[in-house]
Each structure stands twice: as structure tokens, then as C-alpha cells.
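The values are calculated or read from the model by the stated rules, or taken from the named source; none is laboratory data. This is a predicted model, so every value here is computed, not measured. Methodologically, a virtual Cβ is constructed for each residue, glycine included, from the backbone with ideal geometry; neighbour enumeration extends over all protein chains shown. Accessible surface areas use protein heavy atoms only, side chains included; no ligands, DNA or RNA. Shrake-Rupley method; radii C 1.70, N 1.55, O 1.52, S 1.80 Å.
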Amino acid sequence: MDVLRQLSQSVFDTSEIFPTRASSCRLSAFKLAVSAGKELSGKTDRVTHSQAELSKGELVPWVQDIGILTGTASSGSDAVLKLVCIDRDAGGTLAIPKDAFRDLFSSLCADPAALYMVCHQYDGYHSFHDIAHLPTWFVGTSAHALLWTFDAARVRTVGIFIHRRRSNFKDFCNFVGVYAGCAYTPYLMLYASCIHQQHRFDTETASELASIHDIERCTGFGPPSAQNAAVSVPVSGEDSDSGNYHQWLPQGSKAGIDELTAWSQAVGEVGAKIANKMRHQSTSAQMLETFKEAQVAGAQGLNIPPGPLKERYEASQTKLHDALPSVERHMTTYKEYLIYLKFRTDRLSSVLFILLTHVDARASINLAAASKRDGSSMKTIAVMTMAFLPGTFLATLFCMPWFQSQEPDVTKAGFRMYWAITLPVTTVVFLVWLFIIERKWILHKLASYWNREIYGSELATSRKFKGYIS
């Protein structure tokens, strides 16, 4: 494992995810503090939320104030959760200087092996447990990456939130705030990540489903619904209420190739998003399994000392664990719906491919019809040429110096030679042309004649000879 840490540190030192020019930055920060009563069953916990904008010079003091490395510790019955948000541009560059990030990462006392996940923008769930560092967790999703550590002695959770696709730090903090009473366990971050991702996926899937509905309505291929019921025609002799299939009118066949191409691209994008969601759903299932294992291991798994903190850790774990069946049912239902939606996108993609083929075939037919019209025009030109050809020939012929109208012999000797050469050459040209275009028919006729005249006579002679013998 030490070799992997050294490799991760080397990757971080040579990483290009940080800005090359020194620049000032302001980072959003979120703090959640829970103050409990003297007894576990006493008065309700007091929860405070706060947000701040920090410069790079204020990051480490802000983190150390919670007592991870130094600083004054609060009461032993308090739990604190802090998050620092770092933006990332489209090119993958973090909006923080490398030295500032290094200092922030060191103040978390995080396992250096997690640096590899940050530098390579890894997805999925990863955990690192080493005696020399605080327990470290890393979660990578399509929207953000989350890295955090937990100080069991003081019940402090500090993390780094890195944007990936869109700004959703505020939404994530709201989800964490809903379960503020469970801040005594670091697995609150796992639970909040699963719930936050599930709600985000539900919103995105609703938009993607609307796109699929629009394309199905435009093409006329889709399940029965109120939107496309007007274009459905039941199969003859079947009742639509009996659960039988419908025969849809091919509206999409009237669409142009540009529209079909755009629809096909949109369906492909939805299919890719569905596959990505199914991949991240597997990560969420893995995180929930980790949460269950932590529930079984108890406070000993994080070396939490006996006392009120241990009791509140176990109470927080139990509260979250009791809600797991509902979350798992939600995720299972959503996964089954993703499978169904993937089937619809695959089917619609096949339909669009067929419609594109149909449009292409229709274009080919139109091209063939245009070629036929061009052929008719050429035929008309040929007929007109044939109509004027005799007159042109005769006019040219009489203009040649082979006729002497003032002499008794009107034609000269060279005139007969002209025809003696021209007619055979013209005949040969026509025969060669006929052989080129009808060579198969000519060769077939020659072969038939050869078999009939040669082999046919030999066969007759053989039969006659056999008759004499018998």
C-alpha cells in the first residue's frame, strides 16, 4: 500500500489539473455543527448551519479550527461537519492553485492514495484506512467528486467537494442538512450521496423520458398513451382494451432525413445517459452495502471510544439504517425502470434506423425516376437526330466532289470505292457492338447449335448402332 501512496503522490506532483498561472480564488464552504444535551435522552440537539467564502490563505485555519490536527477542541458531545467546494472547468482544471490544494489535503490528514482518484477523475466508491492517516473515503459521480475524512476522537468530518458537470454544491449541502442529527457518523456522507444522486437521476430521467415521448409521438412508434392514441389503429378484429398490440401509423416515414438523423442522435444520447446511470446505481448499491457492514461492525470499526460520542454514533447509524429499506426499494424500482427505458430506446433506435433506410430507399427511387426521365429525354434527342440524319447525310453527300452534273457519267470512280469501303466497315462496327451487348445470348446460341449439330448426330449414330446389336 505504501507503494501505491508513493505512486499517487507522484501522479499529483506531475498532474495538470491545476492552473498554470497563479490566481486568486474564493471557495464556498459549508459548516454543520450539532450540540447535544448532557444526556442522550435529554433535550433536542441544537443544529447550526453556516456558509462562507474563503480565500486560499483561509482554508487551512478554517479546517484546523475543528481540531483535526491542531486548535482548540469543542465539547466532547459536539459533532461538526465541514465541506469545501472546488469548481472545475470544462477542461478538467481545478479552480485552486496546487500548493493551496496540497495544504488543504494535508490539513484533512487524508490518505495520499486518494490523490490518484482526484487527479484521474475516478468514479465509484473507494475507502482508505491506514494507521498513519485518518479514515478516508472517496466517491466519484457524474456530477461531482467527494473526498472526506473522519476524526473519531472528536467526531469531526471534513471533506472536499469537487464539481464535475454542474454546480450542485448547495443542493448537496441541503441534503446533508436534512440529516444533521446524524452528523456523528461519517457514513452520513455515503447516505447523503446516494439520496442526492437518486433525486438528481429522477429529475434527469423525467426530462429524458419527455424526449423519448416526443420522438415516439412524431414517429408513431411507441406504447399506447393519451398523446399518441389519435394515431393508433387497432388490429382488425381485436379490441384495444383486451391488451393486444396496436398497429401504429408510420408517421415517421414522412419525416425528412435531417429530422430522422436528429431524432436518432437524441435517442442515442438518452441511451448513453441510461447506461451511465445504471453504472452509478451500482456504485450507490455498493455504498449502501458498506453502510450495512459499518452498522454490523459498530463503533469499534472506527475506534470510537466508549462514552456519549459512541452512543450518539450508534444512534445516528441506527436512524439511517432504519431508512435503508425504503431507499433500497426506491433504487430497485428505479433500476427496473431504467431497464425498461433502455428497451424503449433500443427499440426506437431500430425504428429510426429502418425509417432512415426507408427514406434513403425513397431517395434512390426518386433518383432512378429522374434517370428514367433523363433517358426518355435522350431517346427523344436520338429520335430527332434520326429524323434529320438522312437529310443531313444527303446534303453532305451531294456537296462532295464526286458528282459531275455536266458530264454524261454523273459519278466519278472514287464514289463507288467510297461505298465499297464504308458499307463493310459500318457492318463490322454494328456486329462488334451487337456482340458486346448481347454476347451472352450469342454464346448461348452458338453452344446450343454446336451441341445439337455435333453431339446430337453422334448420339443418334450411337443409338442406331445399339439398335443393330440388339
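Within 34 Å of the chain's Cα centre (by Cα) and of a type outside the set (D, E, K, R), is that true of residue 142?
On the way: within 34 Å of the chain's Cα centre (by Cα): yes; of a type outside the set (D, E, K, R): yes.
Here the answer is yes, as residue 142 does meet what is asked.
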Of all residues in segment 85-108 being touching a residue at least 60 places away in the same chain (Cβ under 8 Å) and among the small types (Gly, Ala, Ser), which is nearest to residue 13 (Cα to Cα)? 100
Which of the residues belonging to segment 288-328 are over 39 Å from the mean Cα position of the chain (by Cα) and assigned to a loop (DSSP other than H, G, I, E, B)? 303, 304, 305, 306, 307
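Let's see how each residue does on (1) over 13 Å from residue 182 (Cα atoms); (2) open to solvent by 20 Å² or more (accessible area, probe 1.4 Å); (3) not polar (S, T, N, Q):
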| position | (1), (2), (3) |
| --- | --- |
| 299 | yes, no, yes |
| 305 | yes, yes, yes |
| 308 | yes, yes, yes |
| 316 | no, no, no |
| 319 | no, yes, yes |
| 323 | no, yes, yes |
| 326 | yes, yes, no |
| 332 | yes, yes, no |
Would you point out the residue of segment 252-297, among those that are open to solvent by 50 Å² or more (accessible area, probe 1.4 Å) and of a type in the set (Ser, Thr, Tyr), that is modelled with the highest pLDDT? 282
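Table: residues versus (1) of a type outside the set (Phe, Trp, Tyr); (2) modelled with pLDDT under 80; (3) surrounded by 17 or more Cβ atoms within 10 Å (Cβ to Cβ).
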residue	(1), (2), (3)
1	yes, yes, no
6	yes, no, no
10	yes, no, no
14	yes, no, no
19	yes, no, no
28	yes, no, yes
34	yes, no, yes
41	yes, yes, no
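From 92, 67, which residue is modelled with pLDDT of 80 or more, part of a loop (DSSP other than H, G, I, E, B) and at positive phi? Don't jump to the end; show me each part of the working.
Numbers: 67 fails: modelled with pLDDT of 80 or more.
Criteria check complete, one pass: 92.
Do the conditions hold for residue 345, that is, is it loosely packed, with under 12 Cβ neighbours inside 10 Å, modelled with pLDDT of 90 or more, part of a helix (DSSP H, G or I) and of a type in the set (Val, Ile, Thr)? Explain how you work it out, then say what you get.
Details: loosely packed, with under 12 Cβ neighbours inside 10 Å: no; modelled with pLDDT of 90 or more: yes; part of a helix (DSSP H, G or I): yes; of a type in the set (Val, Ile, Thr): yes.
No; evaluated as a whole, the condition is false for this residue.
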Condition (residue is open to solvent by 10 Å² or more (accessible area, probe 1.4 Å), touching a strand residue (DSSP E or B) at 6+ places or on another chain (Cβ under 7 Å), modelled with pLDDT under 90 and small (Gly, Ala, Ser)) applied to segment 114-133: is it met by at least one residue? no
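Scan 105, 150, 172, 138 and give me the residue that is open to solvent by less than 30 Å² (accessible area, probe 1.4 Å), over 26 Å from residue 312 (Cα atoms) and among the aromatic types (Phe, Trp, Tyr). Steps first, answer last, please.
On the way: 150 fails: over 26 Å from residue 312 (Cα atoms); 172 fails: over 26 Å from residue 312 (Cα atoms); 138 fails: over 26 Å from residue 312 (Cα atoms).
That would be 105, the only listed residue that is open to solvent by less than 30 Å² (accessible area, probe 1.4 Å), over 26 Å from residue 312 (Cα atoms) and among the aromatic types (Phe, Trp, Tyr).
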